[in-house]
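Written below as structure tokens is the structure these notes are about.
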Amino acid sequence: QHGQILALSLLFTSIYYSKDQHGYFMFTDFFCYIPSRNPKEVQYLIDWYFNMELTMQYNSSVGGWTGFTPAGLITAAKFNADKHDVVQRILERELVVKILCSKTVISVEPNVSLQTVEDNVLTLECSTLDFYPKHIRLTWFSNGQEVTEGVTFSDVLPNGDWTYQAHTYLTLTPGKQDHISCMVQHASLKEPKIYNYESSKNQTENYIIGGVCALLLGAVFLCGGLIHYKLRRRSFAIKC
């Protein structure tokens, strides 16, 4: 029903440092790796290159630098022993996850349900679950006209895994049979989606109509079978 947030890597900046006239240089790539919908699993990575060779890497899931070359091993050990560098990387990860990584998450279509709330007053609930990004618009319609009276909205609530949920409620007038629908507008949708509400009366009528159609269809097949049987029996009698 709804999309999934796929694992992805985001390269959001590179810094180059020239060393000398022979073309030796150092540069770093900063990455945001999102393996799942859980923000706690986001990894902040820094690849450190010297003369086009990967010398060391910082990985927030490891909690420090890892050297890959003799020079990288020495530099990584110095950085890991530097308390200021350790604190700086932790703060960088928090900013990266909050400001940059969250903006790269693939949009997720909301899972929508329209149902009756059991209460003294007949109230409909339009629920949108597990969607991303946060902004969403829910609108009630009665007979094609927007409804504003008797409508309440919940806050957009975070689920703790990048996604959100929101609910809206419509109190119906007793005895009034309108065509009620809930329209959902979200960034994950190419166009607004409309969900129609069917009352229990309409559902019962649909079940009755479906049952009658099934009985009529069964009667047709039964009559056809009897006619076919009689024709075959008659043909057999004539041959005899």
Does the stretch 156-200 hold any residues that are assigned to a loop (DSSP other than H, G, I, E, B) and within 18 Å of the chain's Cα centre (by Cα), and which are they? V156, N159, G160, D161, W162, T163, A187, S188, L189, K190, E191, P192
Can you report the number of residues in the stretch 148-193 which are β-branched (V, I, T) and surrounded by fewer than 17 Cβ atoms within 10 Å (Cβ to Cβ)? 6
So which residues in the stretch 126-147 are surrounded by fewer than 15 Cβ atoms within 10 Å (Cβ to Cβ) and under 18 Å from T171 (Cα atoms)? N143, G144, Q145, E146
State whether one or more residues within the stretch 80-90 are among the small types (G, A, S), out of contact with any strand residue (DSSP E or B) (no Cβ under 6 Å at 6 or more places or on another chain) and over 21 Å from E191 (Cβ atoms). yes
Filter pass, Y132 being outside the structural domain of Y58 (by TED's automatic domain parsing), among the hydroxyl-bearing types (S, T, Y) and either within 30 Å of D29 (Cβ to Cβ) or at pLDDT below 90 (or both): yes
Within the stretch 190-201, the residues that are at pLDDT 90 or above and out of contact with any Cys (no Cβ under 8 Å at 6 or more places or on another chain) are E191, P192, K193, N196
Applying the selection to the stretch 134-150, what residues are without any contact (Cβ under 8 Å) to a residue 40 or more places away in the chain and under 20 Å from E109 (Cβ atoms)? K134
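The values are calculated or read from the model by the stated rules, or taken from the named source; none is laboratory data. Predicted model, so just to flag it, every value in this text is computed and none were measured. Don't worry about glycine lacking a Cβ; one is built from the backbone with ideal geometry, like all the others, and counts go over all protein chains shown.
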